[in-house]
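Below you'll find the structure, written out as structure tokens, and then a few comments.
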2 protein chains.
Amino acid sequence: MYRTYNCGSLRIDQVGEVVILSGWVQATRQFGGLTFIDLRDRYGITQLVFNEEQNPALCEKAKGLGREFVIKVHGQVRERSNKNPNRNTGDIEIDVTELSIINPSKVPPFTIEDESDGGDDLRMKYRYLDMRRSPVREKILFRSKVAFEVRRYLTQQDFIEIETPCLIKSTPEGARDFVVPSRMNPGQFYALPQSPQTFKQILMVAGFDKYFQIVKCFRDEDLRADRQPEFTQIDCEMAFVTQNEILDTFEGLTRHLFKEILSISLKDFPRMTFDEALSSYGSDKPDVRFDMTFQDFSGKAKGQGFQVFDQAEVVLGIVAGGQAEHYSNKDIGSLTDWVKRPQIGAKGLVYIKWGDDDSIKSSIGKFYSDETLRIWAQSCGANKGDLILILSGEIESTRKQLGELRLEMGRKMGLMDPKKYCPLWVVDFPLLEWDEDNQRFHAMHHPFTSPKTADIDKMLTGDHETMKLLRADAYDLVINGVEIGGGSIRIHDRKLQERNFKLLGFTSEQAEQQFGFLMGAFEYGAPLMVV
Amino acid sequence: MYRTYNCGSLRIDQVGEVVILSGWVQATRQFGGLTFIDLRDRYGITQLVFNEEQNPALCEKAKGLGREFVIKVHGQVRERSNKNPNRNTGDIEIDVTELSIINPSKVPPFTIEDESDGGDDLRMKYRYLDMRRSPVREKILFRSKVAFEVRRYLTQQDFIEIETPCLIKSTPEGARDFVVPSRMNPGQFYALPQSPQTFKQILMVAGFDKYFQIVKCFRDEDLRADRQPEFTQIDCEMAFVTQNEILDTFEGLTRHLFKEILSISLKDFPRMTFDEALSSYGSDKPDVRFDMTFQDFSGKAKGQGFQVFDQAEVVLGIVAGGQAEHYSNKDIGSLTDWVKRPQIGAKGLVYIKWGDDDSIKSSIGKFYSDETLRIWAQSCGANKGDLILILSGEIESTRKQLGELRLEMGRKMGLMDPKKYCPLWVVDFPLLEWDEDNQRFHAMHHPFTSPKTADIDKMLTGDHETMKLLRADAYDLVINGVEIGGGSIRIHDRKLQERNFKLLGFTSEQAEQQFGFLMGAFEYGAPLMVV
């Protein structure tokens, strides 16, 4: 037997017990005639004590142990005189009577501590040592816990986890496939799935009703900070439900995970249309931990002789509460440089400082009177002491730029509390996205997404411009400005699906070749399905 | 809203309630002025009733519904006059007041019934229809339930599920890899994992202590009845445990699954050595639902002038209890043909019938007296009325042939009750398997399996013949003659691992190139690990 307890489990109640522990040597310390060893495993750290006077040979052996040696000890649990309140096992220590070395260790190339002295390359090379560090281990434990709680919750809700195959026929979904040559059929290839999209639709047609899978997906794309060629997603699909029921289901899942894993009770999950998100936050994934919504000055600002605004499609601003006195001209200059960087791309930045003393200072003071600008400020609910930042230009880019500026101000003003979680549903996404460069439509979500019921007729009969206005039964879950997930009601009608493929530039032959199987399935009683 | 209940949930308690149901039309029946529809979904079947007299238009619409149409109905739950005790919802029916067709269906190419009229090819082509049939659906639900209960049990036992990558460097494990060409590095390939073997050993070195994963494995091998190129396994690894603790852990998991999913309480999990399994059952995965163990007649049979036995390495038999009177000469003839088929490969079959009347009839009556054969029978615990079947020859093949004959007799005698589950641990497997054709050793389990502690010195210093006798800390779990799983204690010492690679025919360079990463990890404090 290698252990009767793990290194995180002994407490004051076990004092007097003779125990066996195994683990890694985290650190060795000498103190007078005593040798202390911190013994570590996945569960915690327990202090071992060797007494020179009582057992010189054993103590000598202990002194010879290097960092990361794997050892097994027998000993008695006793109460510590100087307790360590930062450690679960901090009330006790082990008076060791036997010591055996299970495996020695070379000196590790970096310290196995929360703050390691190893650089990225070294820690990647010795990944098994890096994973012994708490911050890395905790992330892996966290992920395991999330996966289990997802399964527990969805299983309780009658979802079935169904494994779909990995070696499949290519089903184009926008990204590039990884391919696997077939030995049995030379010249032919399997594809690795970009997602189980078509499989889960088939499962709905098959009547499985509520499907989920925590599943690997493969996309042969270039690396990005939040993207690797293989990644894992929680994949779901439901039949016979409305959009509201779907949102409720996944709101429930999200609440469950935050509660079980982080002990956080999430408040409301407000629902906001895509149009509202764009016009108020300049983003389809707004961070709503703070307000600072867009104010439209277009009506007031234009036609007053200031060319920049007169030529702009829109004049939009945000109110940075209480910041008037905190922003010197130099600070405003830096902020102007920031919005003019190519990543943001604004041409300039207009400000209005409404001083605590009711004074108005502004970069457009030459064009608008103090009284006028004070009215602008009042009209958008600003108060004395606030700073108003304004961008203008073409509507889409101005919204995007101001959205970035809003986030930057949120960061600077400490409004993005990492411990605060504000979920949000963004709904009614456009069905199609017009690609000006290639003069073609892309599916905003994916080619199986249904238009909103009210838009079906328009989609079947409308002209080209009408297609740009179609709204979809598609939704994203956003938390703190990060898209956590999303889904849509599927088209379950062959005619509508064919129309969609046509709009997306598939010929009938291409659609038939690539998706004929799925469209065929729709002819044998497809239920309404979503996620 | 598409439903307030599913098609499996309504009971007598809901009589009077107005409900909404959605599902597939399983069948339509006319009876006088009434039209009955069986509405099906994943959860069950509910009977709908349409009354011609009360609502002729609605009834007309109902009559127009084809098989597998997807419909939604409103109606009131009422008690059935002729209840159907075979159906959970058999006490009630729905008096339908509204009917809408969600999606029509073409006539399915086969019947969606437990016993379908569709052949394999047709059912594969329309897999989404085949999966609507209970037997197929139930298997998929069963699998989902097993996976969840495995996760629940192992999570409770402090196991962590850790996902390992799919696009990896090739780690030869005996089978052929599937490869994935890299777009970023032309001419180079990823391999898909044959199993996460090396990853999980790395995770143990990293201190994760108890790992599991329900994981896809890929082997580019030819298809067999129980093998496909991609398959899923429950993969585990533990550190700091002895073989007994491992066996207890997975005995616990197996008991849990049988209890939770099949409501079966498994009895003992006996443990049997590999040698005993071979000598008593002629198989390393014996079906112990019935006894009929091998009887060794070699000592008694040889040297009595019967050449066949004299020249045989062994003479082995089984006792088929009470079968003497049931086997005519013709039956024995058929059995002889059966063992002589190339799949079995025996040269002949000897029988001794010990009649209820104490008579002896035998195919070797010319060589041995009745008295002698009666003593043989008594010596192996046979009784009057029993049939003894004997094979002889080279030890390994005779055991294998008699093992097959034992199973055949078990089948014929109805001893293989499909509702009875008899688990068994087979332990102490050989470490190495000698390949006579290629004059080389193969790893019986895999190249990381440790010899038994008592055999370590022999392995490091012994000669070639000694290597064949080495026993490993390796074990299989067998249920009803099927290998359910297995594992082994790992080598965690670099010297021993190098010796093993050498025995398996790897040069130092090959071992270093293919497994250097793992062996390097062993030098930084590897714990004892198993599964």
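The values are calculated or read from the model by the stated rules, or taken from the named source; none is laboratory data. What you see is a predicted model, and the numbers here were worked out from it, not measured in a lab. Neighbour counts are summed over all protein chains in view; Cβ atoms, including those assigned to glycine, are modelled from backbone coordinates with ideal geometry. SASA here: full protein model, heavy atoms, side chains in, ligands and nucleic acids out. Shrake-Rupley method; radii C 1.70, N 1.55, O 1.52, S 1.80 Å.
Filtered by the rule that a residue be assigned to a loop (DSSP other than H, G, I, E, B), in contact with a strand residue (DSSP E or B) (Cβ under 7 Å, 6 or more places away or on another chain) and at the interface with another protein chain (Cβ under 8 Å from one of its Cβ atoms), region B:174-188 gives a lone residue, B:178.
Out of all the residues in region B:135-153, is one or more in contact (Cβ under 8 Å) with a residue 12 or more places away in the chain and under 27 Å from residue A:516 (Cβ atoms)? So far as region B:135-153 goes, yes, one or more of its residues are in contact (Cβ under 8 Å) with a residue 12 or more places away in the chain and under 27 Å from residue A:516 (Cβ atoms). Got a sec? Which of A:283, A:279 is surrounded by 15 or more Cβ atoms within 10 Å (Cβ to Cβ), under 21 Å from the mean Cα position of the chain (by Cα), more than 30 Å from residue B:128 (Cα to Cα) and of a type in the set (Ser, Thr, Tyr)? None of the others qualify; the one that does is A:283. Among the residues of region A:10-24, the ones that are within 14 Å of another protein chain (Cβ to nearest Cβ) and either among the hydrophobic types (A, V, I, L, M, F, W, C) or closer than 7 Å to residue A:77 by Cβ (or both) come to 4 in all. The number of residues in region B:386-411 being more than 20 Å from residue B:322 (Cα to Cα) and of a type in the set (A, V, I, L, M, F, W, C) comes to 1.
For the residues A:138, A:115, A:98, A:161, the requirement of being at the interface with chain B (Cβ under 10 Å from one of its Cβ atoms) and of a type outside the set (Phe, Trp, Tyr) singles out A:161. For region B:34-60, what are the residues that are part of a loop (DSSP other than H, G, I, E, B) and either within 14 Å of chain A (Cβ to nearest Cβ) or without any contact (Cβ under 8 Å) to a residue 24 or more places away in the chain (or both)? Listed by number, the residues that qualify are B:42, B:43, B:52, B:53, B:54. Here the condition is being buried (at least 19 other Cβ atoms within 10 Å of the Cβ), under 13 Å from residue B:282 (Cβ atoms) and in contact (Cβ under 8 Å) with a residue 12 or more places away in the chain; of B:335, B:373, B:389, B:349, it holds for B:389 alone. Can you confirm whether residue A:468 is outside the structural domain of residue A:159 (by TED's automatic domain parsing) and more than 35 Å from the chain's Cα centre (by Cα)? In short, no.
For region A:123-135, filtered to residues that are in a helix (DSSP H, G or I), crowded, with 16+ Cβ neighbours inside 10 Å and not charged (D, E, K, R), the residue that is nearest to the other protein chains (Cβ to nearest Cβ) is A:128. One residue alone among B:311, B:295 is modelled with pLDDT of 95 or more, over 23 Å from the mean Cα position of the chain (by Cα) and crowded, with 20+ Cβ neighbours inside 10 Å, and that residue is B:295. Filtered by the rule that a residue be among the basic types (Lys, Arg) and away from every other protein chain (no Cβ under 14 Å), region A:61-79 gives A:61, A:63, A:78. Of all residues being within 16 Å of residue B:205 (Cβ to Cβ) and surrounded by 18 or more Cβ atoms within 10 Å (Cβ to Cβ) in region A:77-122, which is nearest to the chain's Cα centre (by Cα)? Just the residue, please. The selected residue is A:112.
Residues are listed down the side, and each one gets a yes or a no for (1) assigned to a loop (DSSP other than H, G, I, E, B); (2) acidic (Asp, Glu):
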residue: A:102; (1), (2): no, no
residue: A:109; (1), (2): yes, no
residue: A:121; (1), (2): no, yes
residue: A:137; (1), (2): no, no
residue: A:142; (1), (2): no, no
residue: A:147; (1), (2): no, no
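Yes or no: region A:16-31 includes at least one residue that is surrounded by fewer than 17 Cβ atoms within 10 Å (Cβ to Cβ), in contact (Cβ under 8 Å) with a residue 24 or more places away in the chain, of a type in the set (A, V, I, L, M) and in a loop (DSSP other than H, G, I, E, B). No; the residues of region A:16-31 include none that is surrounded by fewer than 17 Cβ atoms within 10 Å (Cβ to Cβ), in contact (Cβ under 8 Å) with a residue 24 or more places away in the chain, of a type in the set (A, V, I, L, M) and in a loop (DSSP other than H, G, I, E, B). Within region B:248-267, is even one residue part of a helix (DSSP H, G or I), within 14 Å of another protein chain (Cβ to nearest Cβ), open to solvent by less than 20 Å² (accessible area, probe 1.4 Å) and on the phi < 0 side of the Ramachandran plot? So far as region B:248-267 goes, no, none of its residues is part of a helix (DSSP H, G or I), within 14 Å of another protein chain (Cβ to nearest Cβ), open to solvent by less than 20 Å² (accessible area, probe 1.4 Å) and on the phi < 0 side of the Ramachandran plot. Any idea which residue in region B:189-244 is farthest from residue B:179 (Cα to Cα), counting only those that are of a type in the set (Asp, Glu) and either within 11 Å of chain A (Cβ to nearest Cβ) or assigned to a strand (DSSP E or B) (or both)? Looking at the filtered set, the residue picked out is B:209. Among the candidates A:319, A:288, the residue that is more than 30 Å from residue A:253 (Cβ to Cβ) and among the β-branched types (Val, Ile, Thr) is uniquely A:319.
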